[in-house]
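**Q** Would you mind keeping the following structure in view while I ask a few things?
The values are calculated or read from the model by the stated rules, or taken from the named source; none is laboratory data. Please read all numbers here as calculations on a predicted model, not as lab measurements. Here Cβ is always computed from backbone atoms with ideal geometry, including for glycine, and neighbour counts include all displayed protein chains.
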Amino acid sequence: MAEIQYICDFLPQDLYLKLSSWLLSLDLFSGTNKKGNIINRTQKWFHIDGERFDTTWNQYFDRWKGHTFPNILKEILDYINLNLGIDANSCLVNYYENGEQFIPRHIDSMVSFGPTPTIVNLSIGATRVIRVVKTDYSLNDNSIFIMSGHSTEHELLKDLECTQPRWSLTFRKKLKINYSNKK
């Protein structure tokens, strides 16, 4: 099971305001999942070298096309790596228009991130609830939620009372060699 850490008011105010402004102007992608179902959020994938999300999948999603880090996102990445002592090299931005948009229960890709990844989730906007196995955690504005260790089943719950938007910036280290190919 993953180890969980939570930090509130993570970014300094000036960095938080710059990031919030950038997020409002960000062009995001919608799309489908592997089964062809429309996902109910928009996304954009960034990698320090511009690599796409997962090169082992037969399908290709525009939302997971590799984009290099713009200056503000690189500044956030550096701040996270320095202050949390990790070595993230990628970021998946998810935008949820309101509480009707969610992520179903899943385990993150072990092929791309290995069996014991560190996942750093920066929340900007409305408070939402993430469920990790059977435990719920509130993700407040400008908070960091860290899962590290063995990949664990998790989901972002629906909240029909939530009418405000939320951005989730998920930082992690994408492996250079796919884990499934390692001997």
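**Q** Going through the range 67-105 one residue at a time, which ones are part of a loop (DSSP other than H, G, I, E, B), among the polar types (S, T, N, Q) and either under 17 Å from I124 (Cβ atoms) or modelled with pLDDT of 95 or more (or both)?
**A** N98, Q101
**Q** Oh, and also: Is there any pair with a first residue in the range 94-106 that is more than 9 Å from L156 (Cβ to Cβ) and a second that is assigned to a strand (DSSP E or B) and of a type in the set (S, T, Y) whose Cβ atoms are under 6 Å apart and which are 6 or more apart or on different chains, and what are they?
**A** Y95/T42
**Q** For the range 1-38, enumerate the residues that are modelled with pLDDT under 95, within 17 Å of Y95 (Cα to Cα) and surrounded by fewer than 12 Cβ atoms within 10 Å (Cβ to Cβ).
**A** Selection gives D27, I38.
**Q** Taking interchain pairs and intrachain pairs at least six residues apart, which have beta carbon atoms under 9 angstrom, with the first residue in the range 23-37 and within 28 Å of N142 (Cβ to Cβ) and the second modelled with pLDDT of 85 or more and charged (D, E, K, R)?
**A** What qualifies is L26/K44; D27/K44; L28/R41; L28/K44; F29/K44; S30/R41.
**Q** If R41 satisfies all but one of (1) in contact with a helix residue (DSSP H, G or I) (Cβ under 8 Å, 6 or more places away or on another chain); (2) within 13 Å of V93 (Cα to Cα), what's the number of the condition it fails?
**A** (1)
**Q** If you check Y60 against the conditions, is it out of contact with any helix residue (DSSP H, G or I) (no Cβ under 7 Å at 6 or more places or on another chain), at pLDDT below 80 and aromatic (F, W, Y)?
**A** yes
**Q** Can you pull out the residues in the range 106-149 that are outside any loop (DSSP other than H, G, I, E, B), more than 21 Å from F29 (Cα to Cα), at pLDDT below 85 and not hydroxyl-bearing (S, T, Y)?
**A** Of everything in the range 106-149, those that are outside any loop (DSSP other than H, G, I, E, B), more than 21 Å from F29 (Cα to Cα), at pLDDT below 85 and not hydroxyl-bearing (S, T, Y) turn out to be M110, V111, F113.
**Q** From the residues in the range 150-169 that are surrounded by fewer than 19 Cβ atoms within 10 Å (Cβ to Cβ) and under 12 Å from I119 (Cα atoms), which one is modelled with the highest pLDDT?
**A** T152
**Q** Tell me which residues, restricted to the range 39-49, are loosely packed, with under 15 Cβ neighbours inside 10 Å and within 14 Å of H67 (Cβ to Cβ).
**A** Once the filter is applied, which keeps residues that are loosely packed, with under 15 Cβ neighbours inside 10 Å and within 14 Å of H67 (Cβ to Cβ), the range 39-49 yields only D49.
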